[in-house]
Amino acid sequence: MEILCSTSGIVSSQFPGQGLKDIAQAGFSGIPLAPLGHAYTKDAVEDWYAWKRRQRKAKTKTWYRGWFMDHPKTLEDALRPFTERCNALGLKMPLAVGPDLGSPSGRDEEMEDLRAPVTRLVEECIRIAASSGCRSILVPPLVVGIGGEDIWSANRAYYLRLAECARQHGMTLLLGSQCKVISGHIMRGFCMDAAEAADYIDELNQAVGEERFGFCMNVGLCNLCGQNLFDFVQTIGARLKAVILSENDGCCAASLLPFTAAEQGQSRLDWLNLIRGLRSVRFDGTLIIDFGDTAASFSPILRPELLRLAKATAEYIRWQVEMEALLEKYPSRVLFGAGNMCRAYMKCYGEQYPPLFTCDNNSVRWGEEFCGLTVQSPDRLRDLPPETAVFICNVYYREIEEQLRGMGLSNPIEYFNDEYMPSFHFDRLEEQEERDAENRRTDTKRDS
């Protein structure tokens, strides 16, 4: 699973060097090629629209061809210093973001004229992205001048035309969810229903006779639209190729660093069900961490530190998603710790990935049976085969790892964590409730 850092709020379009250098120095190995997505925003289309009217007044027959056919060349020239800088810093660009035209003002019949040149523009973007090392490109749908009932039929033809260009350049086309604003309210738009999106992708892949289409999930947009993140991921399944990690408060559109839109100690985004979902489908695609609003609010002097935190946050999410794959990686394993985390391990993974035993520093517990495991002394770890991994099931991870390395242990040492388990172990709580109830009964009898 690869991690990319969005350049939003970090890299200046005019002077990208410092922002890209900060991203590389924070430890990120890649970025999305997002200038393709910002080159033709609403303002650019409005500018083109005004230019078109001037050309019509001048009675120019080829009013649209010059503007759109010249700009891809300008786009490639404009991107060259950016891509060269990325190459110099060792930043890869495996994924691109295609142009999003938004919903510019204008009569539908006039905006109809925009679609053909836009298709040629996106085909050129695919070629540019492939030449820059991209393997996939997120292509927003055409929405201008298209009624709600026609949006899929119009975009089906649009995506199928792009598929031939993508095949020639070895690119995967990614569909993504869209929001729309009606009377100031954020509503679900194109591909925001997971089952519908899955059907679209299957239909497109069947039409082209290969797996040319996939899906990019924007977690922040799903949060705004009140989606159940676990169900969304489960429904998309293996079609999911990329995930944009971004936080908001569920009400206002924003791109915040994960876990920072918190209230009363709790995040406003359901990271539990997202990570559970990604872990259950064994997601192994691309994670894109997008915290443009958080980055923009920080002084440039502090951004290097913020980027290092963002890198650690993305690595943490990847580690949680890959937890089960990590257990499967080793032929045998033992646990260190005989507490609640060990109990959670045995409940969720004990049958599929059974440990040889668990150990604990508390000598009183040596020889005890705990959750079907015998608690051993840490000295027993010295007798392990070299391929057996030790999973630390205790919040004092770094201290225990230092202890094990100090013992001269050369086995793989991994951390296990129970924050995002497929299910939780409530037996201990039920037992505690029974003990509390029994104590209350005893106190009542004594008082009487």
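The values are calculated or read from the model by the stated rules, or taken from the named source; none is laboratory data. Computed from a prediction, not measured in an experiment: that's the story for all the values here. Neighbour counts run over all protein chains shown; Cβ positions are idealised from the backbone, glycine included.
Odds and ends about this structure:
- Of all residues in segment 362-396, those satisfying the criterion of being surrounded by fewer than 17 Cβ atoms within 10 Å (Cβ to Cβ) and of a type in the set (Ser, Thr, Tyr) are Ser363, Thr374, Ser377, Tyr396.
- Pair list, Cβ < 9 Å and 6+ apart or interchain, from segment 228-255 residues that are more than 19 Å from His185 (Cα to Cα) to residues that are surrounded by fewer than 22 Cβ atoms within 10 Å (Cβ to Cβ) and of a type in the set (Phe, Trp, Tyr): Leu229/Trp271
- Candidates Gly237, Gly250, filtered to the one that is surrounded by fewer than 19 Cβ atoms within 10 Å (Cβ to Cβ), more than 19 Å from Pro94 (Cα to Cα), in contact with a Leu (Cβ under 7 Å, 6 or more places away or on another chain) and of a type outside the set (A, V, I, L, M): Gly250
- In segment 308-326, the qualifying residues are those that are touching a strand residue (DSSP E or B) at 6+ places or on another chain (Cβ under 7 Å) and aliphatic (A, V, I, L, M), and the one that is farthest from Gly30 (Cα to Cα) is Leu326.
- Every residue from segment 159-191 that is hydrophobic (A, V, I, L, M, F, W, C) and under 24 Å from Cys125 (Cβ atoms): Leu160, Leu162, Ala163, Cys165, Ala166, Met171, Leu173, Leu174, Leu175, Cys179, Phe190, Cys191
- A search for C-beta distances below 7 Å between a residue of segment 85-107 that is within 25 Å of Ala24 (Cβ to Cβ) and any residue that is buried (at least 17 other Cβ atoms within 10 Å of the Cβ) and modelled with pLDDT under 80, counting only pairs 6+ apart in sequence or on different chains, returns Ala96/Leu36; Val97/Ala34; Val97/Leu36; Val97/Gly37; Gly98/Leu36; Gly98/Gly37.
- The single condition from (1) under 18 Å from the mean Cα position of the chain (by Cα); (2) at pLDDT below 90 that Ala44 fails is (1).
- Qualifying residue in segment 406-429 (condition: surrounded by 11 or more Cβ atoms within 10 Å (Cβ to Cβ), in a helix (DSSP H, G or I) and at pLDDT 90 or above): no
- Filter result for the condition that a residue is under 22 Å from Gly9 (Cα atoms) and out of contact with any strand residue (DSSP E or B) (no Cβ under 6 Å at 6 or more places or on another chain), over Ser280, Ser255: Ser255
- Residues located in segment 171-193, provided they are part of a loop (DSSP other than H, G, I, E, B) and modelled with pLDDT of 95 or more: Met171
- Taken as a whole, segment 206-221 holds at least one residue that is more than 20 Å from Leu138 (Cβ to Cβ) and among the polar types (S, T, N, Q).
- Sole residue being over 26 Å from Met421 (Cβ atoms) and in contact with a strand residue (DSSP E or B) (Cβ under 8 Å, 6 or more places away or on another chain), chosen from Gly367, Gly408: Gly367
- Condition check for Glu196: in a loop (DSSP other than H, G, I, E, B) and either aliphatic (A, V, I, L, M) or free of Cβ contacts under 8 Å to residues at least 40 places away in the same chain (or both): no
- Of all residues in segment 253-280 being part of a strand (DSSP E or B) and not polar (S, T, N, Q), the one that is surrounded by the most Cβ atoms within 10 Å (Cβ to Cβ): Leu256
- Applying the criterion of being in a helix (DSSP H, G or I) and free of Cβ contacts under 8 Å to residues at least 60 places away in the same chain to the residues of segment 334-361, the residue that is surrounded by the most Cβ atoms within 10 Å (Cβ to Cβ) is Cys342.
- Test: residue in segment 124-132 that is outside any helix (DSSP H, G or I) and either at pLDDT 85 or above or surrounded by 23 or more Cβ atoms within 10 Å (Cβ to Cβ) (or both): yes
- Restricting attention to segment 281-333, the residues that are touching a residue at least 24 places away in the same chain (Cβ under 8 Å) and outside any helix (DSSP H, G or I) add up to 17.
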